[in-house]
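What follows is a short report on a single structure.
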Amino acid sequence: PQILHNLYISAQSGILKVDNGEIEKTIHIMMGKPIFASSNDPKDRMGALLVRRGIITEEQLEESLKEKHQRLGTILVEKGYLEPEQLVTAVVDQVEEIIFSLFEWDEGSYSFEPGDPLTEEVITLNLSTASIIFGGVKNRYSAQRLENVVGPPDRILKKNPDPSYVSQELPLSREEEEILNAAEGGKTV
C-alpha cells in the first residue's frame, strides 16, 4: 500500500515490478493510478480464476488451452464458454486479484521503471488508487497485520485533510462510511 500511495502522490507513470523468489508481478501505473497488472504465478492465470469462480469447468479450460493460436479469453468466447461481457469482467477481476495478492506478501523486493506504462491490453482498470489500496487491505490483511500498521486499539484516528485524498472515490458500504466519518480525531480505533 505504501508503494502505491507514494506513486499516486507523486503522479508517477511506469512499471512497478515486485518479486518474491520465483514469483514476479508487474503493475502498470499511469499518473499514479494502477491500470493493468500481470503475473508469472500460475494461480493468477485467467483460466485458474475462471475455474475457481465456477464460470468454466476444468474440462473446458483444458480443451481451450490446447488451442494456442489466440489468447485464452478469445478462445473461451469463440467456443461459447464465456460471453464477451464476462471476459471483460474476468480480465478486470484478474488484474485486481494480481494487485490484491501483493497485499498478502510479508517480504519481497520491488523496482520501478519510470516511463510509458501502456500495454497492448485493451481492458484496463478504472479504479482510484485509494479504492485499490482499500480493497487490498480490507480483503487481504490479517487482523494482526492491520493492527501492526494502524497501531493499538487505543490510537486516536483522524482523516487526512489533504485534498488529493478527499477527492478519490472509495466504494464504501454504509457501515464503512459511518466508521470513516467517526474518525474525527477524538475517537479511538
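The values are calculated or read from the model by the stated rules, or taken from the named source; none is laboratory data. On a predicted model such as this, the values are computed, not experimentally measured, just so you know. Here the Cβ is made from the backbone with ideal geometry for all residues, glycine too, and neighbour counts use every protein chain on show. Keep in mind that these areas ignore ligands, DNA and RNA; they rest on the heavy atoms of the full protein, side chains included. Shrake-Rupley method; radii C 1.70, N 1.55, O 1.52, S 1.80 Å.
See the values below:
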| read-out | value |
| --- | --- |
| Qualifying residue in region 38-55 (condition: under 19 Å from GLN12 (Cβ atoms), touching a residue at least 12 places away in the same chain (Cβ under 8 Å) and not β-branched (Val, Ile, Thr)) | yes |
| Candidate set from region 153-188 (those that are under 22 Å from GLN2 (Cβ atoms), assigned to a strand (DSSP E or B) and open to solvent by 80 Å² or more (accessible area, probe 1.4 Å)); member that is modelled with the lowest pLDDT | LYS158 |
| Some residue of region 94-107 being polar (S, T, N, Q) and either exposed (fewer than 13 other Cβ atoms within 10 Å of the Cβ) or over 17 Å from the mean Cα position of the chain (by Cα) (or both) | no |
| Filter pass, GLU113 being open to solvent by 80 Å² or more (accessible area, probe 1.4 Å) and at pLDDT 90 or above | yes |
| Condition met for ILE29 (surrounded by fewer than 17 Cβ atoms within 10 Å (Cβ to Cβ), in contact (Cβ under 8 Å) with a residue 40 or more places away in the chain, under 17 Å from SER111 (Cα atoms) and of a type in the set (Val, Ile, Thr)) | no |
